[in-house]
1. Do we have residue 159 as of a type outside the set (D, E, K, R), more than 13 Å from the ligand (Cβ to nearest atom) and surrounded by fewer than 22 Cβ atoms within 10 Å (Cβ to Cβ) here?
2. How about region 83-101: which of its residues are away from the ligand (no atom under 15 Å from the Cβ), in contact (Cβ under 8 Å) with a residue 60 or more places away in the chain and within 16 Å of residue 151 (Cβ to Cβ)?
3. Restricting attention to region 37-76, which residues are within 7 Å of the ligand (Cβ to nearest atom) and assigned to a loop (DSSP other than H, G, I, E, B)?
4. Considering only residues of region 214-267 that are surrounded by fewer than 22 Cβ atoms within 10 Å (Cβ to Cβ) and aromatic (Phe, Trp, Tyr), which is nearest to residue 195 (Cα to Cα)?
5. Could you tell me how many of the residues in region 181-203 are more than 14 Å from the chain's Cα centre (by Cα) and in a helix (DSSP H, G or I)?
6. So which residues in region 235-294 are over 22 Å from the mean Cα position of the chain (by Cα), farther than 16 Å from residue 134 by Cβ and assigned to a loop (DSSP other than H, G, I, E, B), if there are any at all?
7. Which number in (1) in contact with a Gly (Cβ under 8 Å, 6 or more places away or on another chain); (2) farther than 25 Å from residue 85 by Cα; (3) at pLDDT below 95 marks the one condition that residue 192 misses?
8. Name the one entry in 207, 224 that is part of a loop (DSSP other than H, G, I, E, B) and outside the structural domain of residue 46 (by the TED database).
Amino acid sequence: MMARRRLDSRSGSSALLSEIHTRIHTDPLDAVFDMSNELGRGKFAVVKRCAEKATGKVFAAKFIKKRRRGRDCRAEVIHEIAVLEAAKNNPRVVNLHSVYETDHDLVLMLEYAAGGEIFDHCVSEELLPEGQITRLIRQMLEGIHLLHQSSVVHLDLKPQNILLTSLSPLGDIKIVDFGLARRLGSAGELREILGTPEYVAPEILNYEPITTATDLWSVGVITYMLVTGESPFAGEDKQETFLNVSQVNVDYSREAFSRVSELAVDFVQKLLVKAPEDRPSAADCMTHPWLWLHCPGSDPIPVTPRTPRERSFGGKWSAPPEDPEDKENILDSPHAKRFRFEEGMSATGDGDHLC
Ligand SMILES: Nc1ncnc2c1ncn2[C@@H]1O[C@H](COP(=O)(O)OP(=O)(O)OP(=O)(O)O)[C@@H](O)[C@H]1O
């Protein structure tokens, strides 16, 4: 079982969103919902499956502690709600249905993702077929691209926070856990120490500015895990893990990548680079030929030499540049058309209909 440790959080509350539109209900929960089994838990939250008595609709109830280590953390939960509200039109982000408050918790009634964590597919003896992996990664990139367009960075993307709508057939992804997410751009540079050691990006370890590129590092780690079944930086202990991250010490051997095409190695290598400004953005990633390898009728486009314009935006906490040339390049490529198309479609999860 892989570690789920966290770095000590030194996250300041300066960058937290404080305005929400969702009404906070105070009705006794057991009058409205039938609670059932636990779906998962983190340090300060427990998630339980539940059904609304009046409608029978199933939700995932995330009980988040208002007090942590003797400190009032209500503002942090309000922030998580505000980020979910900001992402409510993002089809790859779990939907927030309603919010309840009890003596000790704020309870987020979330869309239930019945297929569990993609983490289970990273540690299983039987890894997913390459075509399914690329389909899930395209969906992840779509969700991240939309978040980044609204200047939100997730900062805690890991296989435990990417859920599936169904298991058999394999459904679509839903991104969860926006507790560490931040909005870029408003209050100058954001530097925080947070995350889980084996998934954390080098710039976080070095207390350097956070940009949208930090999430793209995580996409590299998650992809590596899905295709190899190994965590790329996990060491014997925390120190070794941090050293592996800061030296970008990754095993790209043919042995590790035996189950997938060589293009997969190229995709991961482009993301797991130390300098955030040298990582591709989510939109750039969507044009990588590996992601379209299993789509019938798709001619993989060559990976062109990278220009500064092709790199991730960020660094100045600003939204992506409104460069008409950029838009043209992103939206008018055959791949981008598919990207747009996919936004409105529900993938079947069937091996024959991966795209
Ligand atoms: N909407 C959902 N549907 C199904 N399961 C869920 C849902 N939301 C969360 N879970 C399960 O509960 C786990 C914990 O949820 P979440 O990551 O939001 O909690 P957390 O306390 O913020 O976690 P951490 O401390 O690791 O950041 C998830 O990894 C997942 O397994």
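1. Answer is no for this residue.
2. Scanning region 83-101 gives 85, 86.
3. The answer is 42, 43, 44.
4. Here the answer is 242.
5. The first filter runs over region 181-203 and keeps only residues more than 14 Å from the chain's Cα centre (by Cα), leaving 183-194, 197-198, 202-203.
After this cut, where a residue has to be in a helix (DSSP H, G or I) as well, the list is 197-198, 202-203.
Counting residues in region 181-203 that are more than 14 Å from the chain's Cα centre (by Cα) and in a helix (DSSP H, G or I) gives 4.
6. Once the filter is applied, which keeps residues that are over 22 Å from the mean Cα position of the chain (by Cα), farther than 16 Å from residue 134 by Cβ and assigned to a loop (DSSP other than H, G, I, E, B), region 235-294 yields 235, 236, 237, 247, 249, 251, 252, 253, 254, 255, 256, 258.
7. (2)
8. Working: 224 fails: part of a loop (DSSP other than H, G, I, E, B).
So the residue among 207, 224 that is part of a loop (DSSP other than H, G, I, E, B) and outside the structural domain of residue 46 (by the TED database) is 207.
The values are calculated or read from the model by the stated rules, or taken from the named source; none is laboratory data. Given the structure is predicted, the values throughout are model-derived calculations rather than measurements. Backbone-built Cβ (ideal geometry, glycine too); neighbour counts: all protein chains shown.
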